[in-house]
Amino acid sequence: MKKILIAEDNADLAESLKLALETAGYRVEVANNGVDAIATQVSFAADILITDIMMPEQDGFETLNAFRKEFPGTRLVVISGAQRFDPQKYLRAAKLAGADATFRKPFAIEALLEKLREF
């Protein structure tokens, strides 16, 4: 069973994603920011990280870079729905920074599950 770590500061979205992913057969942990995600990864050893871009304490780019350095085998999925800025710019930058996949919020859970099955 693959393990997924979700780094998302929106508690409702994080719990919805967790429920959907667990229903699909994944083992899931949630962190509310990038700092917590790194600490959780040390003990949880997720196969896949799903991270938001805009988070307090440590944003998704910093988290993406930290995972690439400290946990190079982890697949990285970046999600963004930044209201004040163009989320597509952030998602393109995330791809350039090494994200394996990106999704603009709101996204269809089936599209995410399809991508996760490819990993």
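The values are calculated or read from the model by the stated rules, or taken from the named source; none is laboratory data. Since we're looking at a predicted model, the values are computed, not measured. Cβ coordinates were reconstructed from backbone atoms using ideal geometry, including for glycine residues, and neighbour counts include every protein chain displayed.
Remarks
- Condition broken by residue 56, with the remaining ones in (1) part of a loop (DSSP other than H, G, I, E, B); (2) under 15 Å from residue 3 (Cα atoms) satisfied: (2)
- Of the residues 37, 46, the single one that is in contact with a strand residue (DSSP E or B) (Cβ under 7 Å, 6 or more places away or on another chain) and part of a loop (DSSP other than H, G, I, E, B) is 46.
- For residue 14: the one exception among (1) without any contact (Cβ under 8 Å) to a residue 12 or more places away in the chain; (2) under 24 Å from residue 106 (Cβ atoms): (1)
Quick grid of which residues meet (1) buried (at least 22 other Cβ atoms within 10 Å of the Cβ); (2) without any contact (Cβ under 8 Å) to a residue 40 or more places away in the chain; (3) touching a Leu at 6+ places or on another chain (Cβ under 6 Å):
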site: 23; (1), (2), (3): no, yes, no
site: 49; (1), (2), (3): yes, no, yes
site: 60; (1), (2), (3): yes, no, no
site: 63; (1), (2), (3): yes, no, no
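- Residue count for segment 83-102 under the criterion of being of a type in the set (S, T, N, Q) and at pLDDT 90 or above: the result is 1.
Residues are listed down the side, and each one gets a yes or a no for (1) surrounded by fewer than 16 Cβ atoms within 10 Å (Cβ to Cβ); (2) not in a loop (DSSP other than H, G, I, E, B):
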{"residue": "41", "(1), (2)": "no, yes"}
{"residue": "99", "(1), (2)": "no, no"}
{"residue": "112", "(1), (2)": "no, yes"}
{"residue": "117", "(1), (2)": "yes, yes"}
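- Answer residue from segment 38-65, given it is among the small types (Gly, Ala, Ser) and in contact with a helix residue (DSSP H, G or I) (Cβ under 9 Å, 6 or more places away or on another chain) and is farthest from residue 27 (Cα to Cα) among those: 60
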